[in-house]
Amino acid sequence: MKKPIALLMMLLLVAGTAMSQKHFTGKITYKIDFDMKDLPEEARGMLPKTMTMLIGDNKVKTEMFTQMGTQGSIVDLSKGVQTSLINMMGQKYAIRQSAEEIAQEVASQGEMEVTVTDETMEIAGYTCKKAIVKSSNESDPVFTAWFTEELAAPENINFNNAYFKEIKGVMLKYDMAAGQGMTMTMTAIEVEKMKVKDKEFEIPEGYQETTQEEMMRNLGG
């Protein structure tokens, strides 16, 4: 049980995750694909298949769905803070991160070199540019992101993602390391423009505020 829980926590962190004119508000649905050649069979069924991202007024909420529960985060872009939400095996936890904690976590991943190429691709009806991200840590793989500037997003929408923080646009396809030698690819399959209610960015009732370490102990991780 420990390995699947640890893997799901890694997905939350990376997945963690992400407007001069009127900001885009709405919902983006992503499919999630994994390179699973070395993943134990027991863990495959526990991996998320989809992720949703709600973008409101300087706030972003992501949510992934698994057989064990849901995982997500609420990010306040104006304050630079984040709350991770984990609903797993009937237990609900909220883990807050301050702006300082996020900055330290991002900095710990090293410097990133982002190269925006001339390649474009249409994803979910929007033209996206290709960005290649290389870390100063030579052991890290090279990551790719396809982002669009056609959806007016806050400039710091990706600030809490160490690899993609410099990308100024909404990523509609990107890949990331997911732990245990795996790579996951998020691809947008639907973009819905709509007003998002403020209550979507509130911590739901029943969630216990805790630390990541305490939560892992409670879950047997």
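Assorted remarks:
- Stretch gain in nm, segment E209-E111, where the contour uses 0.36 nm per residue and the Cα spacing is subtracted: 32.1 nm
- Size of electric dipole in the chain: Cβ of Lys, Arg +1 and of Asp, Glu -1, about Cα centre, debye, nearest 20: 540
- Shape metrics for the stretch 111-221, restricted to C-alpha atoms - Rg then Dmax, Å: 17.1, 48
- Protection proxy ranking, peptides 88-95, 140-147, average beta carbon neighbours within 10 Å, highest first: 140-147, 88-95
- Relative packing of peptides 206-217, 189-200 - highest average C-beta neighbours within 10 Å first: 206-217, 189-200
- Most positive-pole-ward Cα, S135, S108, M176, against dipole of the chain from beta carbon charges: M176
- Rg/Rh for the stretch 61-147 stands at 1.05; both radii use Cα atoms, and Rh follows the Kirkwood definition.
- Pairs spanning more than 31 Å between alpha-carbon atoms, out of K92/K130; K130/K199; K134/K195; K31/K79; K92/K168: K92/K130; K130/K199; K134/K195; K92/K168.
- Here the simple spin-label model places points 7 Å from the Cα toward Cβ, and for M194 and Q67 these points are separated by 2.9 nm.
- Calculated mean projected area of the Cα convex hull in nm² (choose from (i) 17.1; (ii) 11.9; (iii) 14.6), label: (ii)
- Amide H contacts for T66 (H built 1.01 Å from N in the peptide plane; partners 5 or more residues away or on another chain; cut-off under 5 Å): Q71.
- For the chain, adding -39500 (n - 2.57) for each run of n ≥ 4 DSSP H residues and dividing by the number of residues yields -4000 deg cm²/dmol at 222 nm.
Any read-out appearing in this document is the output of simple, stated calculations on the displayed coordinates, not a laboratory observation. Since we're looking at a predicted model, the values are computed, not measured. We place every Cβ from the backbone using ideal geometry, glycine too, and count neighbours over all the protein chains shown.
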